[in-house]
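Q: So that we are looking at the same thing, I have put the structure below in structure tokens.
The values are calculated or read from the model by the stated rules, or taken from the named source; none is laboratory data. What you are looking at is a predicted structure, and each value in this text was computed from that prediction instead of being measured. Positions of Cβ are generated from backbone atoms using ideal geometry, with glycine treated the same way; all protein chains shown enter the neighbour counts. Surface accessibility is based on the protein's heavy atoms, side chains included, excluding ligands, DNA and RNA. Shrake-Rupley method; radii C 1.70, N 1.55, O 1.52, S 1.80 Å.
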Amino acid sequence: MVRRFLTLSPVISRLNLNPGIFLAASPSLRLQRQNLKPKISIISPSSASTFQRTRAYTTRTRVSSSLPRSESWKLDDDGLVVLGIETSCDDTAAAVVRGNGEILSQVISSQAELLAQYGGVAPKQAEEAHSRVIDKVVQDALDRANLTEKDLAAVAVTIGPGLGLCLRVGVQKARRVAGAFNLPIVGVHHMEAHALVARLVEHELSFPFMALLISGGHNIIVLAHELGQYTQLGTTVDDAIGEAFDKTAKWLGLDLRRSGGPAVEELALEGDSKSVMFNVPMKNHKDCNFSYAGLKTQVRLAIEAREIDAKCPVSSATKEDRRNRADIAASFQRVAVLHLEEKCERAIDWALKLEPCIKHMVVSGGVASNQYVRSRLNNIVENKNLKLVCPPPSLCTDNGVMVAWTGLEHFRVGRFDPPPPAIEPDDYVYDLRPRWPLGEEYAQGRSEARSLRTARVHPSLTSIIRAADSLHQQTQTSQ
């Protein structure tokens, strides 16, 4: 029985969506190494035990009949070891994860100083920062796992969505490693990785489930039917909630080196959340889409009305000035999250009509680290008789663990690219997908207020996988 590995990139990224077919024949794809006993070293606030799990998987994995009997693999999922590389925005991250969910290492190089200097992400400067540290970050991840590239089963890397300049750094590094050691490579969707990392920490989380993915650049609610199959119930029509947090933090003169979200959350604890009556966005839109541009404008006007000087850091503000800033922070946070609550409540109703057996809702992405967000959404989810699943804060923000884990999930079912050449031509065009939807849009969820540009948007991950699966079925039938 010959297994066909249907690739996610780059072949099926073309307009015809035809997947490449790779017949596994190389013994270099190491699915298990008998004497592999790596040390566990996790660079995160949480202990290693937080992330470990033992879970039995039922996969469609089959052994290629083209392999010599002497090279037949033991398809033990727990023996898979994957390197994950993440450079989609402003953090350079790499991690090594074993198939049973054991995090062997996690390394992150932050660009906090650049964020504070430029008041946000500056793409060119972010790219240069990635390029300076990518080699060291990847090597540190391997060293902390007590492994070499020869011990890996595959390399996973974020190929989108994100900043094109930044994505390129990670993809180039991943292809150099995979090419030099003849390893398959898995192109990972950044937002899918945020959703699936919850399956690493919650062993009861199985498909179908809901996911609210909230970060600086993204704000989407999806229904996850199965791996790679998503229905988008709602998204932002302009700005994401993380962008609103960041701008509010900047205008309030907060320290951006820890990012805007945590800074606003901390200051909000000192304020009165009902002192400034901001309007909740899109109250009259009976869909699940989000909008934060108008709320940002309300915040800016409130700051101007109170003559708050952003150039004066909050640490130097007078008592009255600090109270005004805290009141605005608390009021903004309350309304921003109330907007999430209202849309999530409707999205859950929609999702239960499509998949009545849903039991979990995942909340992930950088903003999911906010404890106020978690608390408020947990009330909504519990009222719908669901269970809220949030990864620990260190796995909510961008990290290599989520990329490695998502790569593992797809690798198990044969979705990966063959090893790239050891030396690629200078004019090689890398498969980067800065604007890449995760799922197909739910018809009832389409918004006339949508202001997103549609030009140069890559076909969704779901449509690509469906096309690949369809071609695979046709090939099977014709044999």
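Q: Can you tell me which of V429, V389 is β-branched (V, I, T) and modelled with pLDDT of 95 or more?
A: Matching residue, one of V429, V389: V389.
Q: Can you tell me how many residues within region 292-322 are more than 23 Å from N279 (Cα to Cα), out of contact with any Gly (no Cβ under 6 Å at 6 or more places or on another chain) and assigned to a loop (DSSP other than H, G, I, E, B)?
A: Of the residues in region 292-322, 4 are more than 23 Å from N279 (Cα to Cα), out of contact with any Gly (no Cβ under 6 Å at 6 or more places or on another chain) and assigned to a loop (DSSP other than H, G, I, E, B).
Q: Can you list the helices (runs of 4 or more DSSP H) found entirely within region 323-436 that contain at least 3 residues being open to solvent by less than 30 Å² (accessible area, probe 1.4 Å) and either in contact with a Phe, Trp or Tyr (Cβ under 8 Å, 6 or more places away or on another chain) or of a type in the set (S, T, N, Q) (or both)?
A: Per the criteria, 400-412.
Q: Now, a different point. Hey, does region 167-183 have a residue that's touching a helix residue (DSSP H, G or I) at 6+ places or on another chain (Cβ under 6 Å) and within 19 Å of V429 (Cβ to Cβ)?
A: Looking for residues that are touching a helix residue (DSSP H, G or I) at 6+ places or on another chain (Cβ under 6 Å) and within 19 Å of V429 (Cβ to Cβ), one finds at least one in region 167-183, hence yes.
Q: Here is a follow-up. Specify the residue that is nearest to G164 (Cα to Cα); the eligible residues are those in region 209-225 that are of a type outside the set (A, V, I, L, M, F, W, C) and open to solvent by less than 20 Å² (accessible area, probe 1.4 Å).
A: S215
Q: Of all residues in region 155-166, which are touching a Lys or Arg at 6+ places or on another chain (Cβ under 9 Å) and closer than 18 Å to F416 by Cβ?
A: Once the filter is applied, which keeps residues that are touching a Lys or Arg at 6+ places or on another chain (Cβ under 9 Å) and closer than 18 Å to F416 by Cβ, region 155-166 yields V155, V157, I159, G160.
Q: Starting from region 307-319, take each residue that is open to solvent by less than 60 Å² (accessible area, probe 1.4 Å) and list its partners that are among the aromatic types (F, W, Y) and modelled with pLDDT of 90 or more, counting only C-beta distances under 8 angstrom and pairs at least six apart or across chains.
A: Filtered contacts from region 307-319: I308/W251; A310/W251.
Q: Let me ask something additional. For region 187-202, does any single residue satisfy the condition of being surrounded by fewer than 24 Cβ atoms within 10 Å (Cβ to Cβ) and either of a type in the set (D, E, K, R) or touching a residue at least 60 places away in the same chain (Cβ under 8 Å) (or both)?
A: Yes: region 187-202 contains one or more residues that are surrounded by fewer than 24 Cβ atoms within 10 Å (Cβ to Cβ) and either of a type in the set (D, E, K, R) or touching a residue at least 60 places away in the same chain (Cβ under 8 Å) (or both).
Q: Right, R175: in contact (Cβ under 8 Å) with a residue 40 or more places away in the chain, of a type in the set (K, R), crowded, with 20+ Cβ neighbours inside 10 Å and within 20 Å of G101 (Cβ to Cβ) or not? Walk me through how you get there before you give the answer.
A: Working: in contact (Cβ under 8 Å) with a residue 40 or more places away in the chain: yes; of a type in the set (K, R): yes; crowded, with 20+ Cβ neighbours inside 10 Å: yes; within 20 Å of G101 (Cβ to Cβ): no.
When the stated conditions are applied, R175 does not pass them.
Q: Which number in (1) surrounded by fewer than 18 Cβ atoms within 10 Å (Cβ to Cβ); (2) under 18 Å from V429 (Cα atoms) marks the one condition that T158 misses?
A: (1)
Q: Of the residues L165, L114, which single one is open to solvent by 10 Å² or more (accessible area, probe 1.4 Å), free of Cβ contacts under 8 Å to residues at least 40 places away in the same chain and not small (G, A, S)?
A: One residue alone meets the criteria, L114.
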